[in-house]
1. Using the Cα gyration tensor of segment 528-629, with a ≥ b ≥ c the square roots of its eigenvalues, what is the shape: rounded (a/c below 1.5), prolate (a/b larger than b/c) or oblate (neither)?
2. Going by the alpha-carbon gyration tensor, a ≥ b ≥ c the square roots of its eigenvalues, is segment 145-296 rounded (a/c under 1.5) or, if a/c is not under 1.5, prolate (a/b greater than b/c) versus oblate?
3. Mind ordering 43-56, 200-213, 278-291, 12-25 by average Cβ neighbours within 10 Å, highest first?
4. Of the lysine pairs in segment 226-419, how many meet both conditions: Cα atoms under 23 Å apart, and a spacing of 8 or more in sequence or different chains?
5. I'd like the trypsin sites (Lys or Arg not before Pro) in segment 299-373 restricted to DSSP loop residues with at most 10 other Cβ atoms within 10 Å, sorted by number.
6. Mind checking segment 629-687 for trypsin sites (Lys or Arg not before Pro) that DSSP puts in a loop (not H, G, I, E or B) and that have at most 13 other Cβ atoms within 10 Å?
7. Non-local amide H neighbours of K435 (under 5 Å, H modeled in plane, Pro and chain starts lacking H): which ones?
8. What is segment 85-139 by shape, rounded, prolate or oblate, if you read a ≥ b ≥ c off the alpha carbon gyration tensor as root eigenvalues and call it rounded for a/c under 1.5, prolate for a/b larger than b/c, and oblate otherwise?
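Values in this text are rule-based calculations from the coordinates and carry no lab data. If you're wondering where the values come from, they're calculated on a predicted model, not measured in any experiment. FYI the Cβ positions are ideal-geometry reconstructions off the backbone, even for glycines, and counts take in every protein chain you see.
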Amino acid sequence: MSQQQILVTKRNGNKEPLNIEKLHKVVFWATENLNNVSASEVEIKSHIQFYTGIKTGVIQETLIKSAADLISEEHPGYQYVAGRLINYHLRKEIYNSIEPWPLLQLIKRNVEIGYYDKEILELYTEDEINKLDKYIDHERDMKFTYAAMEQWRGKYLVKNRVTGEMYETPQVAYMMIAATLFADYPAETRLTWIKDYYDAVSQHYISLPTPMMAGLRTPQRQFSSCVLIETDDSLDSISATSASIVRYVSQKAGIGIGAGRIRALGSPIRRGDAYHTGVIPFYKVFQAATRSCSQGGVRNGAATLYYPIWHLEVEDLLVLKNNKGTDDNRIRHMDYGVQFNKLMYERLLTGGDITMFSPHDVPDMYDAFFADQDKFKELYERAERNTRLKKKTIKAVDLFTAFMNERKDTGRIYLMNVDHANTHGSFKPDLAPIKMSNLCCEITLPTVPLTDINDENGRIALCTLSAINWGLIKDPRDFEKYCALAVRGLDSLLSYQNYPIKAAQIATQEFRPLGVGIVNFAYWLAKNDVGYTDPAALELVNQYAEAWSYYLIKASADLAVEKGACTRSKDTKYGDGILPVDTYKTEVDELITDKLTMPWEELRKQLRTTGIRNATLMALMPSETSAQISNSTNGVEPPRSYVSIKQSKDGSLKQVVPEYRKLKNKYELLWDQKSPEGYLKIMAVLQKYIDQSISVNTSYNPKFYEEEKIPMSEMFKHLVMCYKYGIKTLYYFNTYDGQGEMDVGSIVIETSAPGIKESEEICDSCAI
């Protein structure tokens with residue numbers, strides 16, 4: 001059959017003769033001005049089998065896959081070819097044309113069918129919308145890579161998730177996000193703020209998390225990525241915690257659970273009328289609540305549960321995630337954060353013992369564990385001498401070894417240094433102690449247990465996230481503009497969104513916490529000709545981190561002048577003019593020159609006068625999907641390989657590190673590093689300037705060790721080093737088996753060698 005006789009089916013159902021020249025034209029357009037790509041290669045690779053009735057969408061998807069399959073280190077340009085082909089496909093599907101509709105027409109259609117918030121048309125005049133329409137640069141869509149466009153159409157673009165029908169393209173989404181965030185700004189200034197924010201996010205200076213990307217502009221109004229819920233030692237509080245978990249998992253949030261206060265197995269109940277069943281049955285309740293709802297219909301919910309290392313049941317708790325044992329004594333579908341402080345490390349380093357107690361028996365000691373380290377030590381030593389208390393003693397080295405073995409074997413037993421979280425945090429520990437972290441270990445906010453779901457005296461902590469793309473920052477002064485936009489955008493979000501639980505709303509109004517992180521850090525290092533293990537990197541990081549931190553705090557202080565400080569500003573260190581640069585572990589200055597260059601004293605005076613709008617401003621979260629959107633390296637992590645294959649529910653997505661051809665020899669790959677020490681020192685320098693925490697990973701390649709076994713002494717050394725330099729939390733433990741990556745992280749990344757694939761289990765919202 002000749003091509004003239006072959007009929008293709010158009011999107012509207014009409015049939016017309018196959019026009020092979022039109023196909024050639026589209027592919028040539030997709031390869032235009034790109035190096036080392038070939039239109040004919042895309043067509044040959046596609047192996048399209050034409051037949052009468054073939055749909056145009058099938059032809060286009062085949063070409064997209066063909067271009068994607070050609071992505072490699074030698075030919076990174078094909079990722080842009082595939083991205084352009086997806087864009088062509090989307091525009092034909094959404095607009096029935098390569099030219100987008102007028103913005104007003106699109107908004108009216110999407111409001112009418114219920115996918116855009118109807119308030120958009122109520123808040124903005126037609127003239128304002130037309131002005132925004134003229135400002136949109138749709139050509140920016142053509143700069144997205146294949147991985148970016150697949151993320152757009154899989155997760156972010158407004159669509160019917162049953163039929164798959166799409167209702168917008170990326171630049172429209174960016175503009176509508178900006179318009180939603182700044183809708184309450186004065187009419188005379190808001191278009192300027194919207195345009196600036198649109199430019200910042202569409203040109204990838206600012207990265208946004210999944211809840212914001214997918215939800216802003218829609219009727220949905222819950223965008224906080226991270227939720228921290230603490231439970232008390234009572235059935236009412238445990239029930240309220242469980243109900244709260246369900247509410248927020250259904251809203252796509254990742255959950256941190258503070259469950260350290262629950263009494264241990266065998267503790268008396270009702271004055272000895274019954275024995276307590278211990279914490280494990282209640283942890284199972286929290287697991288069931290976490291997995292009862294999917295996160296936006298995409299994946300099961302995810303949670304990390306926190307408890308102190310000195311809990312009486314700790315030996316049984318440490319093994320909850322491993323593959324040994326039975327379902328009765330294992331809870332594998334949550335991750336665990338084990339809490340340490342200075343006294344626990346002292347016991348390790350001096351060859352001492354650690355004594356475990358039931359928190360119910362030592363309530364004041366449990367509170368002091370977070371709020372007052374001197375008092376904790378006094379109460380702990382007194383409890384050790386108290387012969388009437390139920391307790392168990394174990395060698396500190398044995399307990400630390402058990403913790404480290406489980407961390408190594410599962411990859412998902414985390415660490416929290418609660419004293420660092422409180423002394424080097426935003427909050428006054430005596431007024432608002434930090435007792436837990438979140439799913440991904442970068443959020444440190446105060447919580448208060450609930451007695452019931454409607455308890456207004458409890459506090460559920462929420463944090464909304466975004467990140468600054470360091471890869472695009474050429475000078476520390478460039479941070480000023482983007483830090484201001486990031487803070488203003490997130491702060492507006494807090495007023496715009498809804499709160500399913502009153503305790504969360506009150507906590508957010510009191511402190512208005514934000515978490516601005518970093519993406520594209522590895523690319524930034526490579527651009528500046530330094531690597532993770534290069535000592536010269538530390539001074540450079542110090543210089544840029546100081547400016548980044550300063551401008552974020554300054555943005556919030558300025559916003560406090562304009563809109564008012566948060567209601568509990570005086571319960572924060574910021575309200576007293578105390579800054580992260582005042583409270584960090586000074587041992588960090590062994591690594592860098594202790595010389596501050598920003599005008600901190602002026603800022604200090606301003607804060608004492610006007611307070612702070614946002615009690616927290618920084619948090620270095622993981623980065624996966626937004627890194628793909630902006631073609632960035634993930635967060636602050638080293639790349640695993642030059643071409644990574646990221647496995648998601650939508651399939652495998654190839655991504656090449658930025659400027660691969662130019663910077664290939666400048667990137668320092670993760671598995672080429674002989675030890676995590678260089679990376680950890682950089683994290684310590686960053687932590688100096690951060691009021692919350694960092695999702696710090698420890699990664700080891702066994703090939704650099706004798707008999708390819710990581711010595712326990714090496715892991716202990718890095719554990720103690722992290723504490724010494726003030727690192728607050730440790731997230732994943734990654735190992736490389738020599739054949740591929742055993743990444744126990746969020747989304748599997750294969751190296752060029754055969755990899756081991758694991759399913760996604762983490763929350764998409766926190767992994768910004």
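1. Values: a/c = 2.39, a/b = 1.50, b/c = 1.59.
Cα axes put segment 528-629 in the oblate bin.
2. Prolate shape, in that a/c is at least 1.5 and a/b is the bigger ratio.
3. 200-213, 278-291, 43-56, 12-25
4. 22
5. Passing sites in segment 299-373 are K324.
6. K649, K664, K674
7. Here the answer is T447, since their amide H atoms fall under 5 Å of that of K435.
8. Working: a/c = 2.85, a/b = 1.51, b/c = 1.90.
It comes out oblate by the Cα gyration axes.
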